[in-house]
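Everything on this sheet refers to the single structure shown next.
Bear in mind these aren't lab numbers, they're just calculated from the coordinates by the rules spelled out. It should be emphasised that the depicted structure is a prediction, and the values quoted were computed from it without experimental measurement. When we count neighbours, we look across all protein chains shown, and the Cβ atoms used for this are built from the backbone with ideal geometry, even at glycine.
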Ligand code: SF4
């Protein structure tokens, strides 16, 4: 099962930006083979054509409004209405990949203006559609293409996206045996992100209270996203860190991160044994010569 990802349509799917442009993002393009994209352009959906005069988020009497400065028109109600209808109509979704800085799609870095047209200081916030997505799906990975240029943010986005998707697939046919196997398969990944949550998940999966399977899955599914709430452990010196290297991570350009971990673990193993080379044949035989992808 491929993850279902709602994506801003202008990120390589249509010439729908206000000026008729399209943004070719190499990472979005690379992801196409691995996820099921659901492109959407909220501004076109509320009837704004292409090309169109730009819109912006303006703080008016303590409320954020979507305004088109050249015409003085406001589109807040239309945008909020569309966001509510669109997001509530999604039968299944595993994540969002939205356009940075957009007054509609932005998730964290949107400029907010005051009524006189000045940018408010320290006002980087969400666009209206981005805010609605974050509010409705607080436990899903919601990122923008700008932040995903950071490899650590990208890795967390992918790890969370694919793990939650596999769990969604599992929950379609819930059995305790399948849950046990899922937990065993993801244990090291979860350990790298959040050990307390990993252990909590283990206890839920052990089901010592003999709860009904549906209840166990509900509890496991509620906890699982929390494991990715913060970045993985900063230390890469544990040999554990090299083990969860699924093929999709490599295919998506994560070889450099894996190499860093291998090198770090290798150095650690070397110093532990007081020699110049690792005594661990797995670490010793790994090559890190793959080029670092541009994006
Ligand atoms: S950022 Fe969002 S609203 Fe703006 S053009 Fe792209 S998809 Fe459309």
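The table that follows gives values for the structure above.
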| item | result |
| --- | --- |
| Cα principal axis extents for the range 1-94, largest first, Å | 45, 29, 21 |
| Extended-chain gain in nm, criterion 0.36 nm per residue less alpha-carbon gap, residue 173 and residue 85 | 28.8 nm |
| Estimated FRET transfer efficiency when R0 is 22 angstrom, pair residue 70-residue 134 (beta carbons, to 0.05) | 0.15 |
| Long-range Cα-Cα pairs in the range 100-232 (distance over 25 Å), rounded percent | 39 |
| Cβ-derived FRET efficiency at R0 35 Å, residue 116 paired with residue 14, nearest 0.05 | 0.55 |
| Extended-chain gain in nm, criterion 0.36 nm per residue less alpha-carbon gap, residue 222 and residue 2 | 77.1 nm |
| Chain lengthening between residue 23 and residue 77 when straightened (0.36 nm per residue, less Cα-Cα) | 16.7 nm |
| Per-q log10 I(q)/I(0), the range 151-228, q = 0.11, 0.15, 0.26, 0.27 Å⁻¹ (Debye; single scatterer per alpha-carbon; no solvent) | -0.25, -0.47, -1.35, -1.45 |
| FRET efficiency, 1/(1 + (r/R0)^6) with R0 22 Å, evaluated for residue 149 and residue 32 via beta carbons | 0.80 |
| Label-point separation in nm, residue 229 to residue 214, each point 7 Å along Cα→Cβ | 2.7 |
